[in-house]
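Below: the structure, in structure tokens.
The values are calculated or read from the model by the stated rules, or taken from the named source; none is laboratory data. Worth saying up front: this structure is predicted, and the values here are computed from it rather than measured. Note: ideal-geometry Cβ built from the backbone for every residue, glycine included; neighbour counts use all protein chains shown. All accessible areas refer to the heavy atoms of the entire protein, side chains included, with ligands and DNA or RNA removed. Shrake-Rupley method; radii C 1.70, N 1.55, O 1.52, S 1.80 Å.
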Amino acid sequence: SSGINAEYGGIVPGIKVDKGVQPLPGTNGETVTQGIDGLQDRCKKYKAAGAQFAKWRAVIKIGDDIPSELSIQENAVTLARYATICQQEGLVPIVEPEVLCDGTHTLARCQEVTEKVLAAVYKACNDHHLYLEGSLLKPNMVTPGMQCPDQATPEQVAEATVVTLQRTVPAAVVGITFLSGGQSEENATLNLNAINQYQDPGRKPWKLSFSYGRALQASVLKAWQGKKENVAAAQKELQKRAYANHMACLGQYGGDVTGASGKESLFVANHTY
């Protein structure tokens with residue numbers, strides 16, 4: 001609503017502006033995100049109400065013969081159109097091309113697909129004249145599929161992720177805020193920590209941070225359980241997760257913060273919201 005104080009407690013409000021994914025005709029179960037129609041008018045209203053940034057999620061699946069070139073290009077172009085519309089109306093766009101972790105694919109396969117997707121996204125952003133310095137990227141970390149028998153260490157995830165970003169993301173992009181994508185709270189933090197510890201500082205020009213949903217909320221919800229008497233305990237869980245991820249952004253997390261959800265898997269197949 002109008003009257004939002006964008007500076008209250010240092011919190012800057014933003015809004016998710018897409019309208020979810022829909023099947024992409026001519027593909028094998030792939031999707032494209034809806035919501036471009038009327039987006040400019042909606043952004044005007046959101047800005048007037050106090051919003052300062054926006055988010056749009058595109059979803060890419062890995063499987064037999066997918067992602068298709070059509071899926072990659074349609075989602076890349078749609079992300080670029082969303083982002084430039086947001087900037088025209090004074091909102092900072094968070095560009096979120098999520099390569100889903102569903103499947104048995106290997107770390108190498110995820111890296112291959114993520115590189116291809118990010119390259120297409122930034123080609124489209126360039127074609128649409130996006131002001132890169134006024135945008136953020138919210139990508140998946142490069143990990144094996146959740147059902148892959150050969151899982152990766154945080155150090156392996158870090159190397160694959162940073163190399164992927166180096167090959168595809170312009171230095172003009174000021175920040176990369178990773179999604180957690182169904183990782184447990186602890187794994188998401190350990191992987192972020194390893195990414196920031198990865199020794200290639202001269203070629204990591206972006207701030208590498210987090211934009212977690214499930215991996216920031218699971219312990220909070222478990223502690224709260226919808227009960228008023230548990231609010232203080234839930235707030236304490238949020239403080240713990242926020243502190244752990246803050247330290248991971250510095251590459252200084254020691255694995256010494258235990259939450260109520262901890263190492264529980266937060267994976268949801270074909271996750272939509």
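Taking the alpha carbon gyration tensor of segment 1-113, what are the square roots of 5 times its eigenvalues, largest first, to the nearest whole Å?
Values: eigenvalues 198, 50, 21 Å².
Three semi-axes, in Å: 31, 16, 10.
Using amide H atoms built 1.01 Å from N in the peptide plane, name the residues 5+ places from G35, or on other chains, whose amide H lies under 5 Å from its own.
Here the answer is K19, since their amide H atoms fall under 5 Å of that of G35.
For labels at N230 and A49 in the simple 7 Å Cα→Cβ model, what's the distance in nm?
Those two pseudo-labels are separated by 2.9 nm.
Please list 3J(HN,Hα) in residue order for segment 150-164, calculated via the Karplus relation 6.51 cos²θ - 1.76 cosθ + 1.60 where θ = phi - 60°; whole Hz, with x for glycine and proline.
With the stated coefficients, segment 150-164 comes to 9, 7, 10, 7, x, 5, 5, 4, 4, 5, 5, 5, 5, 4, 4 Hz.
For segment 43-171, report the translational diffusion coefficient in µm²/s to the nearest whole number, using Stokes-Einstein at 4 °C, 1.567 mPa s, and a Kirkwood Rh over Cα pairs. Kindly include the intermediate steps, with their values, before the conclusion.
Numbers: Rh = 15.3 Å.
Reported coefficient: 85 µm²/s.
Subtracting the Cα-Cα distance from 0.36 nm times the residue separation, let me have the gained length for R203 to T104 in nm, one decimal.
On the way: separation 99, 0.36 × 99 = 35.64 nm, distance 3.08 nm.
Length gained between R203 and T104: 32.6 nm.
Whole-Hz ³J(HN,Hα) for each residue in segment 106-119, computed from phi via Karplus 6.51 cos²θ - 1.76 cosθ + 1.60 with θ = phi - 60°, x for glycine and proline: what do you get?
Ordered by residue, 3J(HN,Hα) equals 7, 4, 4, 5, 4, 5, 4, 5, 4, 4, 5, 5, 5, 4 Hz.
Roughly how many percent of the accessible protein surface of the chain is carbon and sulfur, given a 1.4 Å probe and a whole-percent answer? List each step's numbers first, then the result.
Details: 6850 of 12990 Å².
That share works out to 53 percent.
Can you list residues whose amide H is under 5 Å from S184's amide H, if they're 5+ apart or on another chain and H is modeled 1.01 Å from N?
Answer set, sorted by chain and number: L266.
With N set to the number of residues, divide the alpha-carbon radius of gyration of the chain by 2.2 N^0.38 Å and report two decimals.
Numbers: Rg = 18.4 Å, N = 273, 2.2 N^0.38 = 18.5 Å.
For the chain, the normalised Cα radius of gyration is 0.99.
Give, as a single signed number, the net charge of other residues whose beta carbon lies under 12 Å from the beta carbon of K47, with Lys and Arg counted +1 and Asp and Glu -1.
On the way: positive: R42, K44, K45; negative: D41, E89.
Net of charged neighbours comes to +1.
Top to bottom by accessible area (1.4 Å), largest first, where do K138, K207 land? Before the final figure, lay out each step's value.
Numbers: K138 15, K207 110 Å².
Most to least solvent-accessible, the answer reads K207, K138.
For Q87, what charge total do you get from the other residues with a beta carbon under 15 Å from its beta carbon, if Lys and Arg give +1 and Asp and Glu give -1?
+2
With a probe of 1.4 Å, find how much accessible area the chain has per residue, and write the answer as a whole number in Å².
Working: 12990 Å² over 273 residues.
Accessible surface, normalised per residue, equals 48 Å².
For segment 22-38, what does the Karplus curve 6.51 cos²θ - 1.76 cosθ + 1.60, with θ = phi - 60°, yield as ³J(HN,Hα) per residue in whole Hz, taken in order and with x for Gly and Pro?
Once θ is set to phi - 60°, the couplings for segment 22-38 become 10, x, 9, x, x, 10, 8, x, 7, 9, 9, 8, 9, x, 5, 4, x Hz.
Which of rounded, prolate, oblate describes segment 84-125, given a ≥ b ≥ c as roots of the alpha-carbon gyration tensor eigenvalues and a/c under 1.5 marking rounded, otherwise prolate only if a/b is larger than b/c? Each step should come with its number before you reach the end.
Numbers: a/c = 5.19, a/b = 2.44, b/c = 2.13.
It comes out prolate by the Cα gyration axes.
Quick one: pull the percentage of alpha-carbon pairs in segment 51-117 with a separation above 14 Å. Before the final figure, lay out the partial values.
Details: 1307 of 2211 pairs.
I get 59 percent for the Cα pairs in segment 51-117 exceeding 14 Å.
Distance cut-off 28 Å, Cα to Cα: go down the list K138/K236; K16/K207; K55/K240; K45/K240; K138/K222; K123/K207 and report the pairs above it.
On the way: K138/K236 26 Å; K16/K207 22 Å; K55/K240 25 Å; K45/K240 35 Å; K138/K222 26 Å; K123/K207 21 Å.
Pairs exceeding 28 Å: K45/K240.
Work through the residues other than G29 whose Cβ is under 13 Å from its Cβ and net out their charges, Lys, Arg +1 and Asp, Glu -1.
Numbers: positive: K61; negative: E30, D64, D65, D102.
My count for the surroundings of G29 gives -3.
Towards the positive end of the charge dipole of the chain, with charges on Cβ (+1 Lys, Arg; -1 Asp, Glu), say which of A171, T31, L250 has the farthest Cα.
Among A171, T31, L250, the one farthest towards the positive end of the dipole of the chain is L250.
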